Amino acid sequence: WYQRRVREAVVSTQSTGQSISGTGGLRIGGMFINKFHGSKQLYLPAPSWGNHTPIFRESGLELKSYTYYKKDTKGLDLENMLSDIGNIEEGATILLHACAHNPTGVDPTNEQWDAISEAIKKRNLLVFIDMAYQGFASGSVEQDAYAVRKFIDDGHKILLSQSFAKNMGVYGQRCGAFSIVAEDAESAAAVESQLKILIRPLYSSPALNAARLVTTVLTDEELHKQWLIDVKGMADRIISMREALKAGLAREGSVHNWDHLTNQIGMFCFTGMNPEQVGRLTNEFSVYLTKDGRISIAGVSSKNVDYLARAMHQVTK
């Protein structure tokens with residue numbers, strides 16, 4: 001999808017290097033910003049993926065945060081997010097999750113993405129997009145790419161880290177890509193040269209097996225169609241487990257509002273449970289999750305969803 005979009009819109013202004021999955025792409029981007037961008041300030045959403053902080057800290061960047069999640073509603077705090085963006089220093093970098101926000105599972109709507117793009121444009125910020133779960137949010141790789149396409153269409157010169165680990169089933173092979181959309185063809189060529197210089201001492205050259213597999217799937221018409229079906233099947237299963245967990249809590253007699261279980265999207269869910277409740281889940285029911293209440297919906301199945309609902313009800317009633 002991305003290469004097709006590049007051919008349509010930014011044919012000669014894009015530079016891409018194969019990375020060691022999404023983590024490797026983020027590290028390359030952090031090092032690029034440190035070496036070549038005027039500002040070393042990078043803003044992360046609060047909260048963000050735990051590994052973002054060490055990746056960018058070790059890249060020599062100065063980390064700050066902007067409002068993203070609203071605990072009261074267990075949803076997006078758009079008002080305060082836009083307010084924070086409006087106060088970010090011009091020229092700084094802002095990191096965005098393209099879809100299936102980790103850890104909250106809260107994604108902006110298309111209309112909210114439009115407003116976010118406009119606010120960022122006004123502050124002249126460098127946009128760095130982390131796309132680790134394309135297809136695993138809505139079930140459509142097209143819809144999950146909305147933010148990337150919107151920012152390109154709005155004239156942002158984005159940095160993009162992509163992972164094929166989950167949506168291609170090659171997690172152990174660490175296949176990803178790091179891309180930069182530059183101002184023009186001359187700038188893109190210079191960027192590509194510098195990316196090679198950054199990558200060489202990191203890992204010299206990436207492995208071929210998974211990259212060839214991904215390329216084959218994306219370029220073979222029949223395989224590509226089958227892959228889209230498979231990705232949607234995985235996303236639909238995750239969505240069905242969200243619905244089953246919510247229904248199970250209702251059957252158990254929970255009086256709490258669990259709408260956020262189905263309003264959130266992707267592999268992860270912020271349940272709203274506190275550390276004490278999480279501790280009880282682990283100690284009394286052998287259910288393991290992070291202390292902030294995040295669960296992996298991908299680990300929920302038709303065989304354990306009722307047990308999970310019963311356990312969650314017991315510790316939250």
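The values are calculated or read from the model by the stated rules, or taken from the named source; none is laboratory data. Note that this is a predicted model, so its numbers are computed, not measured. Note that each Cβ is placed from the backbone with ideal geometry, even for glycine, and that neighbours are counted across all protein chains shown. Ligands, DNA and RNA are stripped out before the accessible areas are found, and what is left, the full protein with its side chains, is counted by its heavy atoms. Shrake-Rupley method; radii C 1.70, N 1.55, O 1.52, S 1.80 Å.
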- Which value, in Å² and to the nearest 10, is the accessible area of ASP72 when all protein chains are kept and the probe is 1.4 Å? 140 Å²
- Item | Two-decimal ratio, region 165-216, of alpha-carbon radius of gyration to 2.2 N^0.38 Å | 1.35
- Task: Taking amide H positions as placed in the peptide plane 1.01 Å from N, state which residues far from CYS269 in sequence (5 or more) or on other chains have amide H under 5 Å from it.
- Result: ILE295, ILE297
- The extension gain from SER301 to ALA190, computed as 0.36 nm times the residue separation minus the Cα-Cα distance, is 35.1 nm
- Kindly provide the pair-distance distribution of the chain built from C-alpha pairs, with 20 Å bins from 0 and whole-percent values in order of increasing distance. 31, 57, 12, 0
- Note on the structure: Sorted on mean Cβ neighbours within 10 Å (highest first), peptides 193-205, 79-91 come out as 79-91, 193-205
- Item | 5 angstrom amide H check on GLN14, placed H, neighbours 5+ away | ALA182
- A 1.4 Å probe over the protein heavy atoms gives the chain a carbon and sulfur accessible-area percentage of 50 percent
- Rg/Rh of region 127-170 (Cα atoms, Kirkwood Rh), to two decimals, equals 1.00
- Query: Within the chain, which DSSP H helices have Cα atoms that stretch 24 Å or more along the helix axis and a mean Kyte-Doolittle hydropathy of at least -1.0?
  - Reply: 185-203, 221-252
- Check GLN41: other-chain or 5+ apart residues with amide H under 5 Å from its amide H, H built from backbone geometry? GLU62, THR93
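If I take every Cα pair under 8 Å that is 6 or more residues apart in the chain, average their sequence separation and divide by the length, what percent do I get for the relative contact order?
Contact order relative to length: 20 percent.
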- Message: If you average the C-alpha positions of region 287-317 and of region 174-223 separately, how far apart do those two centres end up, in angstrom?
- Response: 38 Å
- Of all DSSP beta bridges located in the chain, what percent are antiparallel, nearest 5? 50 percent
- Task: Indicate, rounded to the nearest 5 percent, the antiparallel portion of the DSSP beta bridges found entirely in region 120-182.
- Result: 55 percent
